[in-house]
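Written below as C-alpha cells is the structure these notes are about.
None of the figures in this text is laboratory data; all of them are computed from the coordinates on show. Only a predicted model underlies this, so the values are computations on that prediction, with no experimental measurement involved. Reconstructed Cβ throughout: ideal geometry from the backbone, glycine too, with neighbour counts over all protein chains shown.
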Amino acid sequence: MGLFGAPPVLVDAVGTKLVNKDVRARRDLARAQLAILGEVRGDELLLVIAADRGGVVVVTNERIFTVRRGKVDRRIERADVRETKLGHVRAGGFVAIISGAGLRLGFPSLDEADRFVQVVDLAMVNSRVVTRDIPVLMPALYEEILRTSGRAASRRNVSDVAHAAAELIVEQARSFFAGTGDLDAADRFAARFLHTDRFRFAGHFRFTARFRERLADSTADDMIDWLWEWDPRCHQPLRRAVGVMRVSLLSY
C-alpha cells in the first residue's frame, strides 16, 4: 500500500495480461501483483489474468492459480481443467466457467469473457476428439438465430447470417494462427477460403469483394472442418464459438 492508502502501481508484466477493462479490476490486480510475481516459477509465463469480486485468477502456460486478499489460495494444475463454458447472464453480462477447476467468473462484456476462455482453452484444454462433434450449422443454427431475433427464415436471410458466421470463423482462425505461430497453416487457410496468398494479421481484418462473392452458405462449416483437422487445440474454442454466434449474430 502506497502513501495515503494509494494502491501500488501495476507493472507491465502483470497489467498487460488483464482482460478486464474497468478501473476496479486494475486496482484489485495491483493489490494482488506481489503475490502473483512471487508465485510464478522461473520458466513459467503469464498468459492472461481476470479479476472479479471473488479475487484474481491467473492463467500461465502451466497451470491456473487464484489470489484473494493478497495471498495465493488455490493452485490448479493443467490435468484438472476439463473444459470451459461461456454463458450469458439474464441480469446482464457474461460468465466464464472452468469445469474441473470449479471456477466461475463474471465479465461485463462478451469480448472480455471470450478472450479469457480462449486463452484457457489453448493453454489448458487438450481435446482428444478426432471426429468433429459440432453440429452442422447450415441451416439449423442460422434459422434458429433468425427466429430468435424475430426475422423470417427466408433463403436470403439465412444466406446473410451464414456469411456473417463465416466472417466470425475467420476472426477465430486469426487468433488460432497467431497463438500457435503456424504461419504456413495460416497461408493455406487464406488460399483455401480467403482467395489470397497471405493471411493478414495486422489491424482489423478487411474482407475483400472477391471473398464475399465466393462465399457459400456452407463456408463457415467448411472452415470449421478445416480448422478441426488442422489442430486439436481448436476443438474446444470452436465449440464455444458456435455458442457465441447465438448471441453475437442476433443483431446482425
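Taken over the C-alpha atoms, the chain has Rg and Dmax values of 19.9, 65 angstrom. Taking every DSSP bridge with both residues inside the chain, close to 95 percent are antiparallel.
Dipole size of the chain about its Cα centre, with +1 on Lys/Arg Cβ and -1 on Asp/Glu Cβ: approximately 800 debye, rounded to the nearest 20. Pull up the cross-link candidates among the aspartates and glutamates for Lys71, meaning alpha carbon to alpha carbon under 16 Å and not fewer than 8 places away within one chain. Output for Lys71: Asp28, Glu39, Asp52.
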